[in-house]
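Heads up, the thing below is written out as structure tokens.
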């Protein structure tokens with residue numbers, strides 16, 4: 001039985017419900033990451049006894065499920081986008097923006113299927129956009145392919161942001177600090193392809209890189225869904 005299958009207990013002796021519990025957990029996670037979240041800390045934030053929370057949520061994993069579903073409500077677009085490409089593109093970009101607001105989300109993306117109401121609504125919206133274009137197995141592989149790209153890209157971006165904060169150095173400052181070592185390595189001539197990339201490749205911002213890679217993945221998926229006529 002999931003947390004959504006269990007009814008909430010009465011609001012006594014003081015007002016408390018899952019919505020307030022999840023809001024407090026979200027605030028803790030936004031401030032200090034998932035490691036800052038526990039039922040004890042959430043109870044303290046709400047000025048409630050920890051045992052009261054167990055009447056609403058049985059485990060920390062259930063709390064994480066509720067937190068993810070709350071953020072998925074932010075990801076759901078108010079209006080359905082146009083064709084299947086726009087649906088998947090919108091999902092990817094809205095997930096990225098949600099993860100930048102709630103960095104802890106990157107640690108939970110790509111786990112078990114989300115079974116909360118907003119997670120199910122996202123899945124329904126995504127799969128229905130592909131309905132009629134292909135068989136269900138191909139549609140599932142298409143969604144998995146696109147989500148694998150944006151989940152990986154989001155995790156990499158969040159990891160870089162965390163590393164930047166941990167070192168106290170911006171990307172350019174870090175590059176300058178490691179520059180002499182990299183220059184010596186490249187000057188050996190052992191890494192010609194890497195040398196060219198370092199010296200000639202354009203330095204693009206994360207959003208541009210994300211959007212470009214996403215378009216390439218969507219192009220590849222499109223070729224499978226809509227193969228050219230023989």
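Put one equal scatterer on each alpha carbon of segment 1-58, apply the Debye formula with no solvent term, and list log10 I(q)/I(0) at q = 0.16, 0.18, 0.22, 0.23 1/Å to two decimals.
Scattering profile of segment 1-58, log10 relative to I(0): -0.47, -0.59, -0.85, -0.92.
Please arrange 200, 124, 78 by how many other C-beta atoms lie within 10 Å of their C-beta, fewest to most.
So the ranking, lowest neighbour count to highest, is 78, 200, 124.
Any chance you could give the angle, 0 to 90 degrees and rounded to 10, that helix 136-167 forms with the longest Cα principal axis of the chain?
80 degrees
In nm, to one decimal, how far is the modelled label at residue 36 from the one at residue 205, with both set 7 Å along Cα→Cβ?
With each label placed 7 Å out from Cα toward Cβ, I get 2.6 nm.
Given the DSSP H assignment, sum -39500 (n - 2.57) over each helix run of at least 4 residues in the chain and divide by its residue total; what's the result at 222 nm in deg cm²/dmol, nearest 500?
Mean residue ellipticity at 222 nm (helix-derived): -22000 deg cm²/dmol.
Using label points projected 7 Å from each Cα along Cα→Cβ, tell me how many nm separate residue 58 and residue 79, to one decimal.
Once both label points are built, they end up 4.3 nm from each other.
Between residue 216 and residue 2, what is the FRET efficiency for a Förster distance of 30 Å, r being their Cβ-Cβ separation, to the nearest 0.05? Write out the running numbers ahead of the final one.
Numbers: r = 37 Å, r/R0 = 1.22.
Efficiency, rounded to the nearest 0.05: 0.25.
So if R0 is 35 Å, what FRET efficiency would residue 115 and residue 167 give, r being the distance between their Cβ atoms, rounded to the nearest 0.05?
Calculated value: 0.35.
Give me 151, 57 ranked fewest to most by other Cβ atoms within 10 Å of their Cβ, as a rough exposure proxy.
Placing the least packed residue first, the sequence is 151, 57.
With the Cα gyration tensor of the chain in hand, give its eigenvalues times 5 under a square root as the equivalent ellipsoid semi-axes, listed largest first in whole angstrom.
For the chain, the semi-axes come out at 38, 29, 12 Å.
Could I have the simple spin-label model distance between residue 123 and residue 185, label points 7 Å from Cα toward Cβ, reported in nm to one decimal?
In this crude spin-label approximation the distance works out to 4.2 nm.
Working from Cα positions, state the angle (0 to 90°, nearest 10) between the long axis of helix 171-186 and the longest principal axis of the chain.
40 degrees
Coordinate-derived values only; no laboratory data. As the structure is a prediction and not an experimental result, all values here were calculated from the model. With ideal geometry, Cβ positions are generated from the backbone for all residues, glycine too; neighbour counts draw on all protein chains shown.
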